[in-house]
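**Q** Got a structure here, written out as structure tokens. Questions coming.
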């Protein structure tokens with residue numbers, strides 16, 4: 001069999017400056033080069049874009065990339081051009097001269113990659129132009145947008161299946177960071193005429209430190225968290241436009257360069273905030289979920305949820321905007337009963353079908369279970385996506401002490417109620433049985449006659465809800481989302497029920513305390529430098545800022561933080577040594593190498 005990856009590895013080093021593929025990339029690049037249709041589910045920050053960018057340089061024809069956001073297109077095109085690759089974007093922001101230049105490059109066959117907004121792609125004139133330009137690969141980014149089961153459905157994505165056929169059934173790669181089984185099946189059905197080859201990479205992002213706290217003075221908790229990240233780029237998510245603007249003002253008063261972003265702001269202000277975040281260092285965006293999808297800034301050092309997100313998939317996507325350069329990054333989510341009520345109200349008041357609402361309720365329950373998990377956050381998060389993992393030692397539950405109690409008897413009460421009702425019922429019905437509440441359903445099914453009826457009167461309804469969530473997070477119970485939220489017992493749960501094993505549960509989430517904690521370690525502690533190295537890094541960042549300003553591009557288009565940190569650590573004294581650094585390809589070495597060497601030499 002021909003080694004198609006040999007030439008790919010050469011270009012990976014020469015053009016992109018990467019010594020090797022990240023996990024999962026090589027097998028997808030190989031499948032693309034073998035002309036297979038592909039659906040790739042890869043975690044945020046795993047390098048999805050490279051899976052079509054690198055093949056575009058190794059084969060004839062044009063690679064067309066469908067992207068939902070103009071900001072993402074601009075960022076990707078800027079980075080590709082920085083590597084010396086002929087790329088362009090076709091969207092509503094193009095002026096007449098820019099569009100003519102792109103059309104000319106397409107006629108000449110000089111473009112390697114063209115980014116197109118989905119609404120622009122479906123036009124007859126666009127499709128005719130792309131057919132004549134010999135389009136050889138269609139890459140669909142954020143492919144979950146095609147599915148009404150996905151967490152960010154976009155109606156304009158529904159036409160992409162017919163676009164593919166209009167381009168002659170062109171080879172297609174669809175990529176997304178999160179897609180459950182139902183969403184995956186929907187993507188396959190709507191984008192492909194034949195089953196694609198499916199790649200599912202691990203969802204683990206080991207460089208992200210995960211932390212969650214019950215709210216006890218939300219603004220103060222956000223300020224404390226950001227105090228450990230002063231001067232770093234980050235995102236703070238809020239549940240409402242009003243809170244976004246108020247919290248941005250609070251952060252500015254505390255000395256942070258904070259800017260609001262939400263759909264209610266005028267377009268000029270939104271763009272100014274987004275451009276500042278992308279192009280400058282140390283900007284904090286305070287945003288609703290209107291901000292973020294497709295943001296590919298590699299050096300975001302933290303993501304803070306001032307309010308609980310919508311579900312586990314949204315949480316995963318949003319924290320995934322941190323640490324895309326592979327360096328340590330921090331995440332924090334604050335949650336409270338008001339958040340839970342708000343998210344439930346949003347589901348119930350929405351225009352979705354009852355079936356969709358039922359699924360969303362269970363997804364929210366999964367997030368609440370993650371908040372109250374009694375074990376490693378990463379284990380619980382990955383279990384949601386069907387993965388198993390060992391304790392990570394990089395989350396709050398692994399690194400900090402929490403007051404626990406022997407929850408074996410409570411767990412046995414819950415599981416007895418589940419078994420005696422036939423593993424057919426959801427949380428509220430089972431709590432009614434435990435607390436001895438004679439609801440209509442309890443009486444109809446004669447569950448008031450069960451031995452477990454009323455055995456849980458010693459606890460409140462909210463305490464039992466928390467215990468259900470903790471047992472779910474610990475893997476003792478399984479919540480069947482597809483079957484109306486019924487609870488079943490896992491093998492681990494049966495061992496506890498029989499008394500073969502015990503289970504420790506968290507007391508703090510039953511009755512959250514609002515006490516102020518001592519300063520905690522952060523993921524960024526691993527990046528601490530000596531004063532001399534801090535000074536060198538500051539000078540390298542200033543040079544990068546000047547070059548980026550001349551180019552009118554984000555600073556990371558010149559070099560990401562990871563490259564500058566390697567310069568500080570290794571202090572290269574020649575261009576040959578500089579080329580061994582992460583992200584330094586031949587084009588960037590020629591453009592910027594001597595300037596950065598001069599700064600290092602002066603250290």
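The values are calculated or read from the model by the stated rules, or taken from the named source; none is laboratory data. Quantities reported herein were computed from a predicted structural model and do not represent experimental measurements. Glycine gets a Cβ as well: all are built from the backbone with ideal geometry, and neighbour counts include every protein chain shown.
**Q** Scan the stretch 322-343 and report the pairs whose first residue is farther than 30 Å from residue 564 by Cβ and whose second residue is part of a helix (DSSP H, G or I), with Cβ atoms within less than 6 Å and a gap of 6+ or a chain change.
**A** Once the first residue is farther than 30 Å from residue 564 by Cβ and sits in the stretch 322-343, its partners that are part of a helix (DSSP H, G or I) give 334/218; 334/221; 335/371; 343/364.
**Q** If you go through the stretch 36-56 one residue at a time, how many are assigned to a loop (DSSP other than H, G, I, E, B) and at pLDDT 95 or above?
**A** 2
**Q** For the list (1) in contact with a helix residue (DSSP H, G or I) (Cβ under 7 Å, 6 or more places away or on another chain); (2) over 18 Å from residue 331 (Cβ atoms); (3) modelled with pLDDT of 95 or more, I need the number of the one condition that residue 219 fails.
**A** Every listed condition holds for residue 219 apart from (3).
**Q** What pairs can you find where one residue is in the stretch 172-196 and free of Cβ contacts under 8 Å to residues at least 40 places away in the same chain, the other is crowded, with 22+ Cβ neighbours inside 10 Å and in a helix (DSSP H, G or I), and their Cβ atoms are less than 6 Å apart, with a gap of 6+ or different chains?
**A** Matching pairs, first to second residue: 183/144.
**Q** Every residue in the stretch 26-48 that is surrounded by fewer than 20 Cβ atoms within 10 Å (Cβ to Cβ), touching a residue at least 24 places away in the same chain (Cβ under 8 Å) and within 14 Å of residue 12 (Cα to Cα), please.
**A** Across the stretch 26-48, the qualifying residue is only 30.
**Q** Among the residues of the stretch 71-83, write down those that are more than 23 Å from residue 161 (Cβ to Cβ) and assigned to a helix (DSSP H, G or I).
**A** 71, 74, 75, 76, 77, 78, 79, 80, 81, 82
**Q** In the stretch 57-70, which residues are touching a strand residue (DSSP E or B) at 6+ places or on another chain (Cβ under 7 Å) and either assigned to a loop (DSSP other than H, G, I, E, B) or over 20 Å from residue 85 (Cβ atoms) (or both)?
**A** Result: 59, 60, 61, 67.
**Q** Just one of the numbered conditions (1) in a helix (DSSP H, G or I); (2) out of contact with any strand residue (DSSP E or B) (no Cβ under 6 Å at 6 or more places or on another chain); (3) crowded, with 17+ Cβ neighbours inside 10 Å; (4) at pLDDT below 95 is not true of residue 107; which one?
**A** Answer for residue 107: the failing condition is (3).
**Q** Turning to a different aspect of this structure: Can we say residue 412 is in contact (Cβ under 8 Å) with a residue 12 or more places away in the chain, at negative phi, in the same structural domain as residue 474 (by TED's automatic domain parsing) and not in a loop (DSSP other than H, G, I, E, B)?
**A** Yes: the conditions hold for residue 412.
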